1. Over the chain, with a Gaussian network built from C-alpha contacts below 10 Å, which listed residue (185, 205, 229) shows the highest mean-square fluctuation?
2. At 20 °C and 1.002 mPa s, grab the translational diffusion coefficient of region 29-77 from Stokes-Einstein with a Kirkwood Rh over Cα pairs, rounded to a whole number in µm² per second.
3. Mind ranking 101-112, 148-159 by how tightly packed they are, going by the mean number of other C-beta atoms within 10 angstrom, highest first?
4. Measuring from label point to label point, each 7 Å out along Cα→Cβ, what is the residue 222 to residue 69 span in nm?
5. Rounded to the nearest 0.05, what FRET efficiency do residue 95 and residue 18 give with R0 = 30 Å and r taken as the Cβ-Cβ distance? Could you check?
6. Hey, in the GNM for the chain with a 10 angstrom Cα cutoff, which one of 146, 26, 269 fluctuates hardest?
7. What are the principal axis extents of the Cα atoms in region 141-282, in Å, biggest first?
8. Expressed in nm², what is the orientationally averaged projection area of the convex hull enclosing the Cα positions of region 84-143?
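Each reported figure results from applying straightforward, stated rules to the coordinates on display, with no laboratory input. Keep in mind the model is a prediction, meaning the values are calculated, not measured. Virtual Cβ from ideal backbone geometry, glycine too; neighbours counted across all protein chains shown.
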Ligand code: PAF
């Protein structure tokens, strides 16, 4: 497995692979790899002749009061996991090369970044689309794999690729959960035992909403009222809901009535840790 710390090395390797006619599959991450990331690497392994992973905690997608400084980092552990999944190359850039002095060029995706997480994290998606565009320019993948846990991020990246004519096929992979249903996230490490138990209310409320929809409930406000009260009760007062929304899964516009594909998206704080989860009704 090759490990590249500079843009020129990464680009030279990708150029050579592409010249040799090999397809590159790419999994961009911020490291602290868990089973969710490994499922993306496995998907990438099947879709490309070469598999590239990037590990970079991107500062422009964190607001000043967020957890950039304490975001979990474990480069040695990540490299061992990547190697075990058959990764061919890992790109590990640093801030100085990704954001050189006087950096001032950003990619902004408009409408689909305004709601859901974009409403409470206003510059977050500008940071994500900018760094992903830069990584695509450097790695030059044919295919890039993203998790559906960050469903809005996936919609934003698809929009950017379409709007800017980027020759990258975007693939979404299902959420990977712990055995008790908690969606895997690098931020789960921050949770105390009580907060972790309370956080299970998120997935359970999505299951409850699924039951309502299967039994014919179509009104988004009734479903959301049940989801909110469920999180409040099952979360034993430890969960603070940021949003619970039912939106069109492509436009991310609010739906009053369930019409598929619909996305039920949740964000809530367990203590100081902001968690997201979702379920897509296709
Ligand atoms: O999903 C993530 O880990 C990040 O948002 C990404 C796509 C690697 C961009 O920094």
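1. In the Gaussian network model the winner is 229.
2. 173
3. The most tightly packed comes first, giving 148-159, 101-112.
4. 5.0
5. Computed FRET efficiency for residue 95 and residue 18: 0.65.
6. Of 146, 26, 269, the most mobile in the Gaussian network model is 269.
7. Principal-axis extents of the Cα atoms in region 141-282, largest first: 47, 37, 24 Å.
8. 6.1
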